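Just below is one structure, and these are the notes that go with it.
The values are calculated or read from the model by the stated rules, or taken from the named source; none is laboratory data. No experiment lies behind these values; they were computed from the predicted model shown. Cβ: placed from backbone, ideal geometry, glycine included. Neighbour counts: every protein chain shown. Accessible surface is based on the protein model in full, side chains and every heavy atom, while ligands, DNA and RNA are left aside. Shrake-Rupley method; radii C 1.70, N 1.55, O 1.52, S 1.80 Å.
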Amino acid sequence: MNTIAKKYNIAIFASGTGSNFINIYNNICNGNINAQIKLLISNNPNCRAIEFADKNKINYKIINNFRFKDNQIDNVMLGALSNYEIDLIVLAGYMKKISKKVIEFYNGKILNIHPALLPKFGGKGFYGMKIHESVIKSKEKITGVTVHVVDHDYDTGNIIYQKEISVLKSDTASSLSQRVLELEHRVYPEVIRNFLETI
Ligand code: GAR
């Protein structure tokens, strides 16, 4: 008997260029991830992720403290997510801390990708290019990517995947960020696909 595989409902959170978001979208379109993106949440109305969602008819919601009072943000976020039966929240370059209330509601079902080998180069203040600048400054020989489940603190949740790459002698923070980002694009869809099978 043929059983039809469940399509998972995912929400993606992104703040910047959105290359991971677009890459996940492409992996869904070509059947690599058995899911649909029900909602994109961003704090940044001018980011490329929002522009892409708009063009590709993906639902999106901009949630930031220009549009909402600080004490409303949790409920606005939970309200937006509750319109869909979200199985998994995927953070893809989302630069805001997720509130305790949202983490508790989606306990164990929020993934984040971090462009370094946690626990090194993680925590408050370590995001985006700052991470690669610190890796170069510390003369690290290897760096890489980490995917972890999100918990109450910055970058401390359970690590489910890591992959290393060498830091080249010729690397600058910029060239390193590019190579790490390419690695993210190769591995994040696979990690998401495998994780979905466990929930
Ligand atoms: C990615 O390198 C991601 O790992 C990093 O921001 C970049 C976003 O790129 N995330 C963090 O630093 C979170 N702490 P993108 O917008 O092109 O996907």
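For the peptides 100-113, 158-171, residues were scored by their other Cβ atoms within 10 Å and the scores averaged per peptide; the highest-first order is 100-113, 158-171.
Ignoring ligands, DNA and RNA, what percent of the 1.4 Å accessible area of the chain is carbon and sulfur?
48
Built from the Cα atoms of the stretch 49-126, the convex hull projects on average onto 6.4 nm², one quarter of its surface area. With Rh defined as the Kirkwood radius, the inverse of the mean 1/r over Cα pairs, the Rg/Rh of the chain is 0.96. Taking the charge dipole of the stretch 91-164 about its Cα centre, with +1 at Lys and Arg Cβ atoms and -1 at Asp and Glu Cβ atoms, the residue from Gly123, Gly108, Gln162 reaching farthest to the positive side is Gly123. Among the chymotrypsin sites (Phe, Trp or Tyr not before Pro) found in the stretch 1-101, those both in a DSSP coil and sparsely packed, with 10 or fewer other Cβ atoms within 10 Å of their Cβ, are Phe66. Accessible surface of Met95, taken over heavy atoms with a 1.4 Å probe and every protein chain present, rounds to 100 Å².
Compactness ratio for the stretch 106-154: Cα radius of gyration over 2.2 N^0.38 Å (N = residue count) comes to 1.20. Surface analysis of the stretch 37-191 yields an accessible area of 55 Å² per residue, using protein heavy atoms and a 1.4 Å probe. The heavy atoms of Ser138 present about 60 square angstrom of accessible area, all protein chains included, probe 1.4 Å.
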